Amino acid sequence: MTASRPHGRAGLKFLFLLVVLVVLGAAAAGWWGWQRYQAFAGTPLDGFDEDATVIVERGDSFPAVVRKLRDAGVTAGDDLEWRLLARQLGADARLHVGEYVLREGMTPRELLEAMSRGDIVQHRFTIVEGWNIRELRAALARAGVLVQETADLDDAALMEALGRGGEHPEGRFLPETYVFTRGDSDLDVLARAARAMDEALAEAWEARDPDTPLQTPYEMLILASIVEKETGIAEERPRIAGLFARRLRIGMRLQTDPTVIYGIGEDYDGNIRRVHLETDTPYNTYTRDGLPPTPIAMPGRAALQAVASPEEGTALYFVAVGDGSGRHLFADSYAEHQANVRRYLRNYREYVRGLEAGEQ
């Protein structure tokens, strides 16, 4: 009996040593795993194309999101590491729906934090001052990120879809830059632009000059569209608006080329000829009194404000300087205007010769 005790103690020592080794091994493995996990969480992602994105859709599980990251080219970490990181950050249960960009240098931790905050990609669409409805719709059709809901709609159906049945679409959308996210549609952007124009027009009408010859906000929109097309020079807008207001007061025809061009429509080839000025259309302000029946373009805020507060003066005529600057010469009398037209022709010939010399 006494001879067996040393063997018992030796067995206990061996067992203790084995336990210690197992614990140390487990600790070492845990430490190694933790170090690997930390390295994964803080190491920049790679393997994806520049400006690659991942779209989190409604109903996506976290494993589904990880699969989308793999499809985008992300190779970092294994699925368990991604799940552990998401759980640590609390991101596994609160990923926001949307599109996320994979930026160079972004770590897995930064990506999941962005997804849990909802830092989704913001896209932009700009309506340019002076665009007409055809140009606006063509630009929307080229905006591939937008869901295309209006492609098969004519203008009347488009306005019906916006809840504006019976309204002419020209001039109804405010030129600005609109921010949207993937999943928004062209109709969403147009609805926002239409509301923005309503607000801008109401503001301009409220601030209008009490002596304005305009009878309604819609007339203000029409005249603002003409001013928008007549000049791109900011300081000239109030002056031209004042000139047109004076013509309207005395019953003088506006005689403005942009309305004639609008009446020509898609047949306009870039040159306005005498036959165009003499051919009567609803938009020919050389043959018809007053304003045309609708706006001819999308006027910006500055054009609306110019028409609301036109510059006082006596000029009734204007013509381009002809030097490529976009500026105009103003005149009180027709005789002075004719002299300005001759000056324009001289300037324009010199301008064209200069362009031709520069190309040689």
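Within the stretch 204-222, is there a residue that is among the hydroxyl-bearing types (S, T, Y), open to solvent by 10 Å² or more (accessible area, probe 1.4 Å) and within 16 Å of T294 (Cα to Cα)?
Looking only at the stretch 204-222, we keep the residues that are among the hydroxyl-bearing types (S, T, Y), and these are 212, 216, 218.
From what's left, open to solvent by 10 Å² or more (accessible area, probe 1.4 Å): 212, 216, 218.
So of that shortlist, the ones also within 16 Å of T294 (Cα to Cα) come out as 216, 218.
Within the stretch 204-222, one or more residues are among the hydroxyl-bearing types (S, T, Y), open to solvent by 10 Å² or more (accessible area, probe 1.4 Å) and within 16 Å of T294 (Cα to Cα).
Residue by residue, here is whether (1) among the hydroxyl-bearing types (S, T, Y); (2) closer than 18 Å to Q255 by Cβ; (3) part of a helix (DSSP H, G or I); (4) open to solvent by 40 Å² or more (accessible area, probe 1.4 Å) holds:
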| position | (1), (2), (3), (4) |
| --- | --- |
| F318 | no, yes, no, no |
| D323 | no, no, no, yes |
| L329 | no, yes, no, no |
| Q338 | no, yes, yes, yes |
| E350 | no, no, yes, yes |
| G358 | no, no, yes, yes |
If we take the stretch 47-148, then strands (runs of 3 or more DSSP E) inside it with 1 or more residues that are of a type outside the set (D, E, K, R) and touching a His at 6+ places or on another chain (Cβ under 8 Å) are 53-56
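When you scan the stretch 264-284, how many residues do you find that are surrounded by 18 or more Cβ atoms within 10 Å (Cβ to Cβ) and in contact (Cβ under 8 Å) with a residue 40 or more places away in the chain?
Total satisfying the criteria: 0.
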Condition test on R103, is it basic (K, R) and either over 21 Å from V145 (Cα atoms) or loosely packed, with under 13 Cβ neighbours inside 10 Å (or both)?
no
Going through (1) touching a Pro at 6+ places or on another chain (Cβ under 9 Å); (2) surrounded by 15 or more Cβ atoms within 10 Å (Cβ to Cβ) one by one, L146 fails only at (1)
* Quick check: is even one residue across the stretch 242-253 within 18 Å of H328 (Cα to Cα), more than 30 Å from the chain's Cα centre (by Cα) and of a type in the set (F, W, Y)? -> yes
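Can you pull out every residue in the stretch 188-198 that is open to solvent by 50 Å² or more (accessible area, probe 1.4 Å), closer than 24 Å to S309 by Cβ and in contact (Cβ under 8 Å) with a residue 12 or more places away in the chain?
To start, the set of residues in the stretch 188-198 that are open to solvent by 50 Å² or more (accessible area, probe 1.4 Å) comprises 188, 192, 195, 198.
Okay, now just the ones that are also closer than 24 Å to S309 by Cβ, so 195, 198.
Once the filter is applied, which keeps residues that are open to solvent by 50 Å² or more (accessible area, probe 1.4 Å), closer than 24 Å to S309 by Cβ and in contact (Cβ under 8 Å) with a residue 12 or more places away in the chain, the stretch 188-198 yields nothing.
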Filter the stretch 152-187 for residues that are in contact (Cβ under 8 Å) with a residue 12 or more places away in the chain and among the charged types (D, E, K, R); the one that is nearest to T53 (Cα to Cα) is R182
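State yes or no: is A193 part of a helix (DSSP H, G or I) and in contact with a strand residue (DSSP E or B) (Cβ under 9 Å, 6 or more places away or on another chain)?
Details: part of a helix (DSSP H, G or I): yes; in contact with a strand residue (DSSP E or B) (Cβ under 9 Å, 6 or more places away or on another chain): yes.
Yes.
Residue by residue through the stretch 39-62, note down the ones that are out of contact with any Ser or Thr (no Cβ under 8 Å at 6 or more places or on another chain) and open to solvent by 70 Å² or more (accessible area, probe 1.4 Å). Lay out the reasoning, then the answer.
To start, the set of residues in the stretch 39-62 that are out of contact with any Ser or Thr (no Cβ under 8 Å at 6 or more places or on another chain) comprises 39-40, 48-62.
Correct list: D49, E50, D51, E57, R58, G59.
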For the stretch 287-316 the number of residues that are buried (at least 18 other Cβ atoms within 10 Å of the Cβ), of a type in the set (S, T, Y) and either over 15 Å from Q215 (Cα atoms) or over 30 Å from the mean Cα position of the chain (by Cα) (or both) is 0
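The values are calculated or read from the model by the stated rules, or taken from the named source; none is laboratory data. Remember, predicted model here, so these are calculated numbers, not experimental data. A quick note on method: Cβ atoms are made from the backbone with ideal geometry, for glycine too, and the neighbour counts reach across all protein chains shown. Just so you know, the surface numbers come from the protein's heavy atoms only, side chains and all, with ligands and any DNA or RNA stripped out. Shrake-Rupley method; radii C 1.70, N 1.55, O 1.52, S 1.80 Å.
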